[in-house]
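For reference, the structure is listed below as structure tokens.
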Amino acid sequence: MFGAGGARATLGPERATSDQMDSEVWAAAPPTLAKPPPAILKRAATCKVAALLLWVLALVLGVIYWKQQNEAARVRDVTAKVAQVQGALRRGDLAAAERALAALAAAQPGRPDVRELQVELDRRMREQVARREQQRDAIENATQPLGLAEPAVSPVRALRPAETEAPAAAAPVQKCNDALAALALCPAGGER
């Protein structure tokens, strides 16, 4: 019974039965999974919702972090531009201060320090125009006794409203006096 022949006889029918079962199962229908218990389904849904919430939270925190970094960079940029305008005003470089202030006012029009810098720049420009006007008047007053012709039109005069002046006729030939001759300011061919 337990010899070599007995073992073969025992294994033969089992194989046939196993092969028949496999072919019957596959021929009838594809294998289906058993329905998991409701607790497992609930746990899986909870995990998916938690993962989605974590993803949304990470997205929101990333946006907040980006905005803070962007705001910090913008504040540094505005602070640097304000310092640039103030430095130009300290140096007396009104053209550079005006350019930097124009860029700053375009970026931050409602800031109080921008308005203060604009008022300061306007004040200094008015002072500069007044100084140029005084210098022009002093030059005119100094050249009249010497008998020199009126100097060329200055940019300050161009800023004033146009005055109605009669067109000047040909400039008269001036006589060269002793003061002009001493300063070597006699025109070529001028009378003495």
Practice item. Taking 7 Å along the Cα-to-C-beta vector as the label spot, tell me the ALA102-ALA138 distance in nanometres, rounded to one decimal. Key: 3.1
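How would ASP113, ASP178 line up from fewest to most surrounding beta-carbon atoms within 10 angstrom? Don't jump to the answer; show the numbers that get you there.
On the way: ASP113 14, ASP178 8.
Result, fewest neighbours first: ASP178, ASP113.
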Point to revise | Stretchable slack from MET125 to LEU54, in nm (0.36 nm times residue separation minus alpha-carbon distance) | key: 19.7 nm
Practice item. Quick one: net charge around ALA138, please, counting Lys, Arg +1 and Asp, Glu -1 for every other residue with C-beta under 12 Å from its C-beta. Key: 0
Exercise for review: For a footprinting-style exposure proxy, rank CYS47, CYS176 by other Cβ within 10 Å, fewest first.
Suggested key: CYS47, CYS176
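Read-outs throughout are calculated quantities, based only on the coordinates presented, and are distinct from any laboratory measurement. Since the structure is predicted, the reported quantities are computational estimates derived from the model, not experimental observations. Note: ideal-geometry Cβ built from the backbone for every residue, glycine included; neighbour counts use all protein chains shown.
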